[in-house]
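Each remark here refers to the structure printed beneath this line.
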Amino acid sequence: MSFERAPGTKQVKYGTAGFRGPADDGQMGFIVKRSGITAALRSRKLGKATGLMITASHNPVRDNGVKVTEPLGEMLVPNWEGLATDLTNADDLNAEIAKVIKSEEISSSSEGLVILGRDTRPSR
């Protein structure tokens, strides 16, 4: 399983709806994987389960999205939206993970739990 950005992929920005875009351009794969890393780091920081929701929500079926949720289902806190953007766009993912661990003072012994949800609408 590769977490690497495919050559030529555009920079993305985490917003209130998470990351979203067309499923058919091949870009959402690495975005979802890296969002999982964000959710895991957030969970380790808090010592509580976080969520990773893969959804088309109210968007057209061909559009997809992924969002990280706080332990009670709330939107990701604003300062972590920036961290999600940085992690997803990083050329050196390992260095960016290390930077987040240091800046957020995440203990190497902390564990995390990410609960995954997905949109169940049939594709058309």
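Structure summary
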quantity	calculated
Residue, surrounded by the most Cβ atoms within 10 Å (Cβ to Cβ), within segment 39-75, restricted to residues that are of a type in the set (A, V, I, L, M, F, W, C), at pLDDT below 95 and outside any loop (DSSP other than H, G, I, E, B)	Val66
Filtered residue count, segment 90-104, keeping only those that are touching a Lys or Arg at 6+ places or on another chain (Cβ under 8 Å) and either in a helix (DSSP H, G or I) or at pLDDT 95 or above (or both)	2
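The values are calculated or read from the model by the stated rules, or taken from the named source; none is laboratory data. Keep in mind the model is a prediction, meaning the values are calculated, not measured. As a convention, Cβ positions derive from the backbone with ideal geometry for all residues, glycine included, and neighbour counts pool all protein chains shown.
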